[in-house]
1. Based on the mean of other Cβ atoms within 10 Å per residue, sort peptides A:109-120, A:139-150 so the most packed one is first.
2. In chain A, if every C-alpha pair distance is counted and binned at 5 Å from zero, what percent goes to each bin?
3. What ranking, highest mean first, results for peptides B:44-51, A:130-137 when packing means the other Cβ atoms within 10 Å averaged over each residue?
4. Do any of A:K196/B:K110; A:K97/B:K110; A:K71/B:K211; A:K10/A:K71; B:K7/B:K211 go past 27 Å between their Cα atoms, and which?
5. Which whole-number value in Å³ per residue fits the convex hull of the alpha carbons of segment B:5-224?
6. Determine the principal axes of the Cα atoms in segment A:76-129, then give the extent along each, sorted from largest to smallest and rounded to whole angstroms.
7. Just tell me how shielded B:185-196 is by partners: mean number of partner chain Cβ atoms within 10 Å of each residue's Cβ, no decimals.
8. Between B:I8 and A:D189, with labels modelled 7 Å along Cα→Cβ, what's the label distance in nm to one decimal, could you check?
Amino acid sequence: MLKEITVLIKKELTLEWRQKYALNGILLYVVSAVFITYLSVGAKQGNLSVPTWNALYWIIILFSAVNAVAKSFVQEHQGRQLYYYMIASPEAIILSKIIYNSLLTLVLALLGYLVFSIILGNPVQDQGMFLLNLVLGALGFSACLTMVSGIASKASNNATLMAILSFPVIIPILLMAISISKNAIDGLDPSVSVDKLISLLAINAIVSVTAYILFPYLWRS
Amino acid sequence: MGLSWWKILAIVLLAFTITAGLLMDVPRLPILNETIRALYFHVTMWFGMILMLVVSVIYSIKYLRTGNLRHDDVAIEFTNAAILFGVLGITTGMLWAKFTWGDYWSGDPKQNASAIGLLMYFAYLILRNSLTDVHQRARIGSVYNIFAFSAFIPLIFVLPRLTDSLHPGNGGNPGFNAYDMDSNLRVVFYPAILGWTLLGAWMSTVRVRLKRAERKMEDKLINQV
């Protein structure tokens, strides 16, 4: 099982590396989204209030993640999916996709953070907490979005479905992540956020476990 | 056929809820005044909705285990009735909020959470309609139904309790236990929950039967040709 997962993750990485345009596209998407926000709010460095900075950051990460993960089940054509169906267990496939997509989302989030800090200023006071929250948020986003992209890939009008199916499901994770990151930006004592971190972790666990249990049924059809 | 016992019970309970709910004495409280009667018509909607969603999830699981379309009929129709209850719950809640909080929508965590919950189930309906094959629709619908329910539970039970809310029972506001000094409210409240839920189940089962009859007729037509 573990070996299967590592092989599948390696496959995803190689595939991504071979089609660099997709990766570069999504990276450019983050940078342009941040830049558009910067121009639209008309803010100079440090001019933006902290809650707005925080909300804009997470919304951009959310949309980039939706776009990045949406392709995870459609980029490979039917024949190859059938091949995976024959050689790998569905559990290994969903776990490897979730892990790979968390890495991808984390890269996007870090890039977004970097660009945000450069052009909109960096108000974050507690870096460690902020980054820990990014890791947990990326995990939750990817678990939820991977499952939803699996569902949406079975239906036509994929892009709309991806958005309407994932947004309501992802909101608990998003709200938790936003409030923890608000605490981290204000530099509050970590003990304030512990409760919320645990709830975020619990929601992540619920979503991942349901995805793990349900994916075999989805994969079979 | 006649009415089975639980349908008669539903009629009796609802008649009791409406007459007693509107006529019986309620505790006089500042701000709330007579709107406290919303307990019988608003709060019970959410109880009914959640109970019906639980039934729907159970039947979705049954469908995934057996692949029998009859289970899927139950799952979708109970979700439909639950959505109806949810819409009624959110409208009655907004009316109540207008009189007590001063606004139809004041961005209260509970209001937001229930609106998101409804969005989730509207998305479920759209997902089902965008799939054409019956079996695929049932299977993928069931998968999303269970997945959405597992996100819905933390959404409505956990998150509103972590933030401050104006809603009774949250953020230091007294809940219904504190209002209910003489247990007058309970006498109507518990029967009301049961009555509304039974009504929802009744509506769902009628629609389930309709759906099964339609499928049977379709099968007959196809097999004749």
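The numbers here are math on the coordinates, done by the rules we state, and not lab data. Fair warning: this is a prediction, and the values are worked out from it, not measured in the lab. Neighbour counts are summed over all protein chains in view; Cβ atoms, including those assigned to glycine, are modelled from backbone coordinates with ideal geometry.
1. Values: A:109-120: 18.3, A:139-150: 27.2.
Most protected by this proxy first, the peptides run A:139-150, A:109-120.
2. 1, 7, 14, 18, 19, 16, 11, 7, 4, 2, 0, 0
3. Working: B:44-51: 23.2, A:130-137: 19.8.
Ranked by mean Cβ neighbours within 10 Å, highest first: B:44-51, A:130-137.
4. Working: A:K196/B:K110 18 Å; A:K97/B:K110 34 Å; A:K71/B:K211 36 Å; A:K10/A:K71 17 Å; B:K7/B:K211 20 Å.
Pairs exceeding 27 Å: A:K97/B:K110; A:K71/B:K211.
5. 133 Å³
6. Dimensions of segment A:76-129 along the principal axes of its Cα atoms: 50, 22, 8 Å.
7. 0
8. Rounded to a tenth, the inter-label distance reads 6.5 nm.
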